[in-house]
Amino acid sequence: MEDNVTVQSGPRVRWTWYIVGIMLAVASVDQVVKQLMLSMLTEGVPVPVIGDWFRLYLLFNPGAAFSMGQNSTWLFTTIQLVFVVGALIVAPRITNRWEAVGIALIAGGALGNLIDRLLREPGFWFGHVVDYISVGRFAVFNIADASITVGVVVFVLAVFAAERKNSHGR
């Protein structure tokens with residue numbers, strides 16, 4: 001009986017550290033690249049990389065995706081904090097590698113943007129997120145935003161794959 005408990009808890013601990021590791025790596029890369037962009041770019045001045053289709057374009061976003069909710073910075077800060085803490089609480093219960101990757105990418109992106117909201121101007125809890133990637137006429141975003149988006153896709157696909165596997169009795 002005791003061996004069963006060890007076997008069952010082993011992968012959970014591994015996925016927890018896996019989630020924490022990916023989450024911290026994403027947030028760290030996000031912050032390093034943001035600092036690099038802050039040192040290289042001037043706010044509002046586009047730098048073409050592939051013509052007008054792909055540009056570096058520095059801006060400070062108080063809102064969410066597509067600059068929505070610009071007067072609700074405190075709400076986005078709270079949501080990101082809750083998600084990061086929630087991911088750490090849920091991590092030990094994750095038993096699927098791809099669900100772990102999805103949650104880790106989302107939490108890492110949330111942590112990257114949360115750091116901005118806590119430490120950047122105009123002040124604690126109300127800081128603006130540094131965005132710098134501009135593709136076509138799409139919104140300007142950053143590595144944290146891209147990580148959140150990819151994480152959601154990975155997580156949803158993992159959940160559907162697990163449900164399909166369970167419904168086929170495999």
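Computed from backbone phi, the HN-Hα couplings of segment 79-96 come to 4, 5, 4, 4, 5, 4, 5, x, 4, 5, 6, 7, 3, x, 8, 6, 10, 10 Hz, rounded to whole numbers (Karplus: 6.51 cos²θ - 1.76 cosθ + 1.60, θ = phi - 60°; Gly and Pro given as x).
The spread of Cα positions in the chain, taken along each principal axis and listed from longest to shortest, comes to 63, 34, 27 Å. With the largest listed first and rounded to whole Å, the semi-axes of the equivalent ellipsoid of segment 71-170 from the Cα gyration tensor are 30, 17, 9. Heavy-atom accessible surface of segment 17-169, averaged per residue, reaches 55 Å², computed with a 1.4 Å probe. Between segment 14-51 and segment 87-134, what is the C-alpha centre distance in whole Å? Computed from Cα coordinates, the inter-centre distance equals 12 Å. Rolling a 1.4 Å probe over the protein heavy atoms of the chain, with every protein chain left in place, gives an accessible area that is 68 percent carbon and sulfur. Solvent-accessible surface (1.4 Å probe) assigned to Val150 amounts to roughly 80 Å². With respect to the chain, whose longest principal axis is taken over its alpha-carbon atoms, helix 143-167 is tilted by about 30°. Helix 97-119 axis versus longest C-alpha principal axis of the chain: approximately 40°, rounded to the nearest ten.
Rounded to the nearest whole Hz, the Karplus-based 3J(HN,Hα) values (6.51 cos²θ - 1.76 cosθ + 1.60, θ = phi - 60°) of segment 39-46 follow the sequence 7, 9, 10, 10, 3, x, 10, x, with x at glycine and proline.
The values are calculated or read from the model by the stated rules, or taken from the named source; none is laboratory data. Every value quoted in this text rests on a predicted model; they were computed, and no experiment measured them. What goes into the accessible areas is simple: the full protein's heavy atoms, side chains included, and nothing from ligands, DNA or RNA. Shrake-Rupley method; radii C 1.70, N 1.55, O 1.52, S 1.80 Å.
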